[in-house]
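Taking it in order: structure first as structure tokens, then the write-up.
The values are calculated or read from the model by the stated rules, or taken from the named source; none is laboratory data. Remember, it's a predicted structure, so these values are computed and weren't measured experimentally. Quick reminder, even Gly has a Cβ in these numbers, built from the backbone with ideal geometry, and neighbours come from all protein chains shown. Just the protein is used for accessible areas: all its heavy atoms, side chains included, with ligands, DNA and RNA removed. Shrake-Rupley method; radii C 1.70, N 1.55, O 1.52, S 1.80 Å.
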Amino acid sequence: MSATPSAPALRRRLPLLLLAAPGVIVLLAFQYFPLLGNVIAFKHYLPFVGIWDSEWVGWENFAVIVSGDPRFLTALTNTLIITLVQVVVVFPIPIALAIALTSLANERIKRVVQSVLYLPHFLSWVIVVGIFQQFLGGSGMINNFLRAHGQDPFQIIGNPDLFIPLLTSQLIWKDAGWATILFLAVLSQIDPQLYEASVVDGASRIRQLWHITLPALRSVAILLLILRLGDALSVGFEQIILQQPAVGLEASEVLDTYVYNNGIVGGNWSQAAAVGLVKGVVSVLLVLGANKVAHMFGEDGLYRS
């Protein structure tokens, strides 16, 4: 039997195809078609000359990666450190929040807590950074309170040594609550009889968590972790660029801001494109590698093997 859809089948699916068409067009126009511009990574690109007429230089622009340019190494080191902190510290928090929310018996309190946790996700990074500055800045609410009571103020905003903890706390406050949605959906599908049977068998709350709740969350957690690894080398351009002037490049430069500062601001378009291209390739390899590891542990990952 032919796998090609028949004319009647295509007519039946036409409304769905038309409904999906605008999204597909936008995806192609703004996500896939611009990938052709990566060719400038292999050229000495000059905006007034154009992409196709710029001089071809081969792998010359990738020398900044191979030769170990100090600014690039600083950006790479900061990116890896921030990624590690976010995976180890930030990633488990939505799981813990979902479990805590599920344990709340009062539905009204649960809805209020969920709304409070979800709200920061809808604020832009400009507003989030501004809120933290109003509270923790040199002239912020907390420091003004300390001065009014004869205490020495402390410096958090603009302190390079505390920049990564500041980024982490901002990310937790903004997105941890929103990230609980998927885990709450999974927890709602667990058969209550499993918990009832475990209580009859004398299982404690810790035993129930370990043998029922966490195994139910494992597949989703692994899937989200794989997706997070694919975005591992992108650690919040907007969040960081807004606070970069206060702490300096040494503490805050990451790969995305390096591409921006070196390419758009500095005019080294081709070199920045080369770094961005390598970053994208590495991200794809991380996703494929993590997915392979998931298959080794019996999980589906992004797709079945």
**Prompt:** Hey, what do the phi angles of segment 78-83 turn into as Karplus ³J(HN,Hα) couplings, whole Hz, using 6.51/-1.76/1.60 and θ = phi - 60°, x for Gly and Pro?
**Reply:** 4, 4, 5, 5, 5, 4
**Message:** Apply the Karplus curve 6.51 cos²θ - 1.76 cosθ + 1.60, θ = phi - 60°, to the phi angles in segment 55-71 and return the couplings in whole Hz, x for Gly and Pro.
**Reply:** 5, 7, 10, x, 8, 4, 6, 7, 5, 4, 7, 6, 7, x, 4, x, 5
**Request:** Give the long-range amide H neighbours of Gly158: residues separated by 5 or more places, or on another chain, with amide H under 5 Å away, using H modelled in the peptide plane at 1.01 Å from N.
**Result:** none
**Complete:** Interchain or sequence-distant (5+) residues whose placed amide H lies within less than 5 Å of the amide H of His44 are Glu55, Trp56, Val57
**Asked** Say we join alpha carbon atoms closer than 10 Å with springs in a Gaussian network model of the chain; which of Leu73, Leu97, Leu16 then has the biggest fluctuation?
**Response** Leu16
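Rank-order 220-233, 287-300 by packing density, defined as the average count of other C-beta atoms within 10 Å over each peptide's residues, highest first.
Peptide ranking by packing, descending: 220-233, 287-300.
For the chain, what is the relative contact order in percent, using Cα pairs closer than 8 Å and at least 6 residues apart in sequence? Let's see the in-between values first.
Values: 268 pairs, mean separation 74.9, N = 305.
For the chain, the relative contact order is 25 percent.
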**Request:** Once you've got the GNM for the chain with C-alpha springs shorter than 10 Å, pick whichever of Ala176, Ala29, Ala63 has the biggest mean-square fluctuation.
**Result:** Ala29
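Tell me, what is the per residue accessible area of the chain in Å², probe radius 1.4 Å? Walk me through the numbers before you get to the answer.
Details: 18840 Å² over 305 residues.
About 62 Å² of surface per residue is accessible.
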**Fill in**
HN-Hα couplings for segment 156-167 via Karplus (6.51, -1.76, 1.60; θ = phi - 60°), in whole Hz with x for Gly/Pro, come out as 10, 5, x, 8, x, 5, 10, 5, 5, x, 5, 4
**Asked** What residue among Leu97, Ala63, Val113 has its Cα farthest toward the positive end of the dipole of segment 34-119, where the charges are +1 on Lys, Arg and -1 on Asp, Glu, each on the Cβ?
**Response** Val113
**Request:** Would you list the P(r) distribution for the chain, with all Cα-Cα distances sorted into 10 Å bins from 0 and each bin expressed as a whole %?
**Result:** 5, 18, 24, 25, 18, 8, 2, 0, 0
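For segment 25-128, would you read off the P(r) tail past 20 Å as a percentage of all alpha carbon pairs? Don't skip to the end; give the middle numbers.
On the way: 3785 of 5356 pairs.
More than 20 Å apart: 71 percent of the Cα pairs in segment 25-128.
May I ask you to derive the relative contact order of segment 166-287, considering only C-alpha pairs under 8 Å and at least 6 residues apart, and to give it as an integer percent? Spell out each step's value before the answer.
Values: 59 pairs, mean separation 27.8, N = 122.
Reported as a whole number, the value is 23 percent.
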